[in-house]
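The block underneath contains the structure these notes are about, expressed in structure tokens.
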Amino acid sequence: MRIRLTKEEYDYVVSAPFIPESLRNELVDGIQTHSQDRVRREDVVGELTEENADTIRSLCSDQLDFAGFNIDYSLNNEGKILDSLIDKFFTG
């Protein structure tokens, strides 16, 4: 499965302690390109098995429930990243 992440999303997911090291390694090893768009935002494109993408999505969903909301139930900065990752790792 091809995954396109922003640099911020990529940095988050490969350093997140709730993501098992084996999944982080697969994501790092699967990186094919780094690119920049017109406004110089860096994107990272890589390959990941659908099974592992689904596992990462599930872990991000759990983390969103745990740490992704402010006291008023709005998304905090971590929650915004996690919400985006949940969408990007969708395999359906």
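At a glance:
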| quantity | calculated |
| --- | --- |
| Residue in the range 73-84 that is within 16 Å of Y10 (Cα to Cα) and among the hydrophobic types (A, V, I, L, M, F, W, C) present | yes |
| Among residues of the range 1-13, those that are farther than 14 Å from E47 by Cα and either crowded, with 16+ Cβ neighbours inside 10 Å or in contact (Cβ under 8 Å) with a residue 60 or more places away in the chain (or both), counted | 5 |
| Where V44 falls short, out of the listed (1) over 18 Å from E8 (Cβ atoms); (2) in contact with a helix residue (DSSP H, G or I) (Cβ under 6 Å, 6 or more places away or on another chain); (3) aliphatic (A, V, I, L, M) | (1) |
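Since every read-out is calculated from the coordinates, none of them should be taken as a lab result. On a predicted model such as this, the values are computed, not experimentally measured, just so you know. Ideal geometry is used to build each Cβ from the backbone, glycine not excepted, and the neighbour counts take in all protein chains shown.
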